[in-house]
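Participant: Attaching a single structure in structure tokens format; questions to follow.
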Amino acid sequence: MSAVVPVPEASRGSYREMWLITLGHSLTHWYPATFYLLMPIIGKELGLSYSQIGLIMTCQYVAGAVANIPGGVIVDTVGRKGVLMATSLFWVGFPYLLMGFTHSYLMLLGCVALVGFGNSLWHPTAIPTLARRFPDRKGLVLSLHGMGGNVGDAIAPIVVGALLTTLTWRQVVVLNVVPGIVIALLIFVFLGTLQLGGAGARRAGPTGAAPSQSLQDYFRGVPELFRNRSLILLSTSSAFRSMTQSALLTFVPVFLAYELGYSPFLVGACMFALQTAGFVAAPVAGHLSDRMGRKSVMMTSMAMTAVVLVFMALAGKSLVFVFFVAVLGFFLYAIRPVLQAWLLETTPKNMGGTSIGVLFGAQALGSSTGPFLGGLVADRYGLPATFTFLAVTIVVANLFIFFMPRAEAAKA
């Protein structure tokens with residue numbers, strides 16, 4: 001038998017791996033952020049209604065919801081976490097390349113469904129890996145990982161907006177696949193043997209990685225996991241938060257392009273402001289949650305999100321609307337790492353991948369309904385009414401946090 005030597009929590013290698021995982025996370029967000037900017041252009045080219053535009057993202061998130069729990073099972077029972085992350089990143093980027101060659105609405109829906117399947121592997125793999133490496137600083141480390149997503153969300157719209165001034169959207173999606181392939185290869189080379197078992201992260205031996213746990217052990221722990229009250233409450237709350245977020249990311253660019261007449265570059269700049277605010281908020285919220293507790297940070301952020309959404313609805317077709325977009329980003333994105341850290345603290349450690357899979361599955365369900373319902377509201381009452389509707393959804397999300405138990409310790 002070969003001995004497994006745990007890697008020290010604060011080793012230089014662990015931080016190098018953390019930043020590479022964070023960079024990969026930025027690419028998993030880069031591609032959807034690019035697509036949000038392209039949707040107004042695609043919608044006009046294909047003659048789509050608001051509801052049809054919303055249904056595009058609904059299709060992606062439904063696919064993600066279906067695939068997230070099986071993805072969590074794979075993560076908890078299979079080693080080689082680096083291989084899983086590289087596979088996920090490639091699978092997220094490649095379908096966007098295929099979109100550049102389709103002129104059919106149904107084919108477009110098929111491509112975004114493939115993206116949803118690919119995304120289902122990333123978070124259940126990366127988030128528990130980082131949490132186990134840094135047990136005392138989960139909130140901060142996961143916020144840094146979340147910042148990677150914000151970087152992708154923020155830079156993609158402004159870069160793609162600039163490219164769209166000289167290239168067609170089809171040319172842009174072909175070029176866009178290159179960074180994903182490069183980073184996927186780097187993750188495969190440097191983290192391809194990384195796995196996470198009971199002793200923490202380690203390197204696989206020359207014969208490959210053993211499973212983190214047997215399928216028998218895994219399925220023995222499933223009933224206890226789904227009796228966990230914290231898992232149910234946090235996942236349901238996150239579903240409503242994601243409903244709000246996905247509808248906003250779908251219809252803020254549409255509002256700016258259709259109602260305010262902004263060019264693709266200006267729309268990208270506004271989305272950059274939204275994501276930059278989230279980039280700033282994530283480490284602040286993560287650090288505060290490590291010190292002050294997860295519940296207080298989450299409830300404050302979601303309450304402020306609801307307030308800002310109401311002001312956005314009242315602002316109407318004015319520049320003040322753009323200001324509130326940036327303010328909204330600060331509060332909306334601040335709670336993502338806090339939520340993830342809280343969930344991993346209140347569920348069994350050996351079921352971390354499945355716990356995150358359930359969380360992101362619930363988020364995908366919420367995200368799938370948000371754009372479609374927002375589109376229905378916009379078709380009937382106008383786009384500003386959509387923002388009032390979303391203020392209600394974020395208030396509902398906060399109600400579930402209010403009923404969280406005081407303490408529910410995770411088991412090894």
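Participant: Would you please give the FRET efficiency between residue 15 and residue 284, computed as 1/(1 + (r/R0)^6) with r the Cβ-Cβ distance and R0 = 25 Å, to the nearest 0.05?
Facilitator: Working: r = 20 Å, r/R0 = 0.81.
After rounding to 0.05, the efficiency reads 0.80.
Participant: Could you tally the net charge around residue 54, taking each other residue with its Cβ under 15 Å from the Cβ of residue 54, Lys/Arg +1 and Asp/Glu -1? Could the numbers behind the result be given before it?
Facilitator: Details: positive: 380; negative: 379.
Net local charge, residue 54 excluded: 0.
Participant: Same structure again: In the calculated pair distance distribution of region 340-412, what percentage of Cα-Cα distances lie above 16 Å?
Facilitator: Details: 1632 of 2628 pairs.
When all Cα pairs of region 340-412 are counted, 62 percent exceed 16 Å.
Participant: Could you state the number of Å between the C-alpha centres of region 12-59 and region 259-297?
Facilitator: A separation of 16 Å, based on Cα centres.
Participant: Sticking with this one: What is the spread of the Cα atoms of the chain along each of their three principal axes, largest first, in whole Å?
Facilitator: Projected onto its principal axes, the Cα set of the chain covers 66, 46, 35 Å.
Participant: Only four residue types carry charge here, +1 at the Cβ of Lys and Arg and -1 at the Cβ of Asp and Glu. Report the dipole size of the chain about the Cα centre in Debye, rounded to the nearest 20. Write out the running numbers ahead of the final one.
Facilitator: Numbers: 25 positive and 13 negative charges, 153 e Å.
With only Lys, Arg, Asp and Glu charged at Cβ, the dipole is about 740 debye.
Participant: If you don't mind, there's one more thing I want to ask. In nm, to one decimal, how far is the modelled label at residue 227 from the one at residue 292, with both set 7 Å along Cα→Cβ?
Facilitator: Result for the modelled spin labels: 3.6 nm.
Participant: Oh, and also: Per DSSP H run of n ≥ 4, the term is -39500 (n - 2.57); total these for the chain, divide by its residue number, and report the mean residue ellipticity at 222 nm rounded to 500 deg cm²/dmol. The partial results should precede the final answer.
Facilitator: Values: 14 runs with 325 residues, N = 412.
Rounded to the nearest 500, the figure is -27500 deg cm²/dmol.
Participant: Mind checking which aspartates and glutamates have their Cα closer than 20 Å to the Cα of residue 349? Skip sequence neighbours fewer than 8 apart in that chain.
Facilitator: 9, 76, 136, 217, 224, 290, 408
Participant: According to a simple spin-label model (label point 7 Å from Cα along Cα-to-Cβ), what is the distance in nm between residue 219 and residue 102?
Facilitator: According to this spin-label approximation, the distance is 3.5 nm.
Participant: Mind running the shape call on region 272-325? Use the C-alpha gyration tensor, a ≥ b ≥ c as the square roots of the eigenvalues: rounded below 1.5 for a/c, prolate if a/b tops b/c, oblate otherwise. Don't skip to the end; give the middle numbers.
Facilitator: On the way: a/c = 5.46, a/b = 1.86, b/c = 2.93.
Taking the square roots of the gyration eigenvalues as a ≥ b ≥ c, region 272-325 is oblate.
Participant: By its C-alpha gyration tensor, with a ≥ b ≥ c as the square roots of the eigenvalues, how is region 11-73 shaped: rounded for a/c under 1.5, else prolate for a/b larger than b/c, else oblate?
Facilitator: Values: a/c = 6.37, a/b = 1.89, b/c = 3.38.
Oblate shape, in that a/c is at least 1.5 and b/c is the bigger or equal ratio.
Participant: For region 244-286, just run the numbers: alpha carbon Rg, then divide by 2.2 N^0.38 Å, N being how many residues it has.
Facilitator: The reported ratio for this selection is 1.30.
Participant: Further question on the same structure: Per-residue accessible area for residue 300 at 1.4 Å probe radius, Å² rounded to 10?
Facilitator: Approximately 80 Å² of residue 300 is accessible to the 1.4 Å probe.
Participant: Taking a probe of 1.4 Å, how large is the accessible area per residue of the chain, in Å²?
Facilitator: Values: 16140 Å² over 412 residues.
Per residue, the chain has 39 Å² of solvent-accessible surface.
Participant: Name the residue farthest towards the positive end of the dipole of the chain from the options 221, 30, 261, assuming +1 on Cβ of Lys and Arg, -1 on Cβ of Asp and Glu, about the Cα centre.
Facilitator: 221
Participant: Still on this model: How much accessible surface does residue 307 have with a 1.4 Å probe, in Å² rounded to 10?
Facilitator: 70
Participant: In debye, nearest 20, what is the charge dipole magnitude of region 283-412 about its Cα centre with +1 on Lys and Arg Cβ and -1 on Asp and Glu Cβ, if you could check? Spell out each step's value before the answer.
Facilitator: On the way: 9 positive and 4 negative charges, 34 e Å.
So the magnitude is around 160 debye.
Participant: Then there's this: Using a Gaussian network model of the chain whose springs link C-alpha atoms within less than 10 Å, name the residue from 350, 228, 68 with the highest mean-square fluctuation.
Facilitator: Per the Cα network of the chain with a 10 Å cutoff, 228 tops the list.
Participant: Using a 10 angstrom Cβ neighbour count of at most 13 plus a DSSP loop assignment to flag exposed chymotrypsin sites (Phe, Trp or Tyr not before Pro), which longest range of the chain is free of such sites?
Facilitator: With chymotrypsin sites (Phe, Trp or Tyr not before Pro) excluded where exposed in loops, the chain gives 102-402 as its longest stretch.
Participant: Turning to a different aspect of this structure: By what distance, in whole Å, do the Cα atoms of region 253-372 stretch along each of the three principal axes, largest value first?
Facilitator: Cα extents, longest axis first: 51, 30, 24 Å.
Participant: Share of the chain's accessible area from carbon and sulfur, percent, 1.4 Å? Can you show the working numbers first?
Facilitator: On the way: 11610 of 16140 Å².
After summing per-atom areas, the C and S share lands at 72 percent.
Participant: Students sometimes get this wrong: rank 44, 295 by accessible area, probe 1.4 Å, all chains present, largest first. Don't jump to the answer; show the numbers that get you there.
Facilitator: On the way: 44 145, 295 70 Å².
Accessible-area ranking of 44, 295, largest first: 44, 295.
Participant: For residue 44, go through the lysines and keep the ones whose alpha-carbon is under 22 Å away, minus same-chain ones fewer than eight residues off.
Facilitator: Within reach: 317.
Participant: Can you check what the net charge comes to around residue 362, using other residues whose Cβ is under 15 Å from the Cβ of residue 362 (Lys, Arg +1; Asp, Glu -1)?
Facilitator: Working: positive: 229, 241, 336; negative: none.
Neighbourhood net charge equals +3.
Participant: Does region 326-380 come out rounded, prolate or oblate, given a ≥ b ≥ c as the square roots of the eigenvalues of its C-alpha gyration tensor, rounded meaning a/c under 1.5 and, failing that, prolate meaning a/b above b/c?
Facilitator: Values: a/c = 5.21, a/b = 1.72, b/c = 3.03.
The shape class here is oblate.
Participant: If I require 18 Å or longer along the helix axis, counting alpha carbons, and a Kyte-Doolittle average no lower than -1.0, what helices from the chain are left? Use full DSSP H segments. Each step should come with its number before you reach the end.
Facilitator: Details: long enough: 12-46 (50 Å, 0.13); 50-77 (41 Å, 0.94); 81-99 (29 Å, 1.31); 105-133 (43 Å, 0.82); 138-163 (37 Å, 1.13); 169-191 (33 Å, 2.22); 229-254 (38 Å, 0.85); 264-292 (41 Å, 1.00); 294-315 (32 Å, 1.48); 319-334 (24 Å, 2.76); 352-381 (42 Å, 0.59); 383-402 (30 Å, 2.12).
Those that pass (Cα extent of 18 Å or more, hydropathy at least -1.0) are 12-46, 50-77, 81-99, 105-133, 138-163, 169-191, 229-254, 264-292, 294-315, 319-334, 352-381, 383-402.
The values are calculated or read from the model by the stated rules, or taken from the named source; none is laboratory data. All of these numbers come straight from a predicted model, not from anything done at the bench. All Cβ positions, even for glycine, are placed from backbone atoms using ideal geometry, and neighbour counts span all protein chains on display. Only protein heavy atoms, including side chains, enter the accessible area calculation; ligands, DNA and RNA are left aside. Shrake-Rupley method; radii C 1.70, N 1.55, O 1.52, S 1.80 Å.
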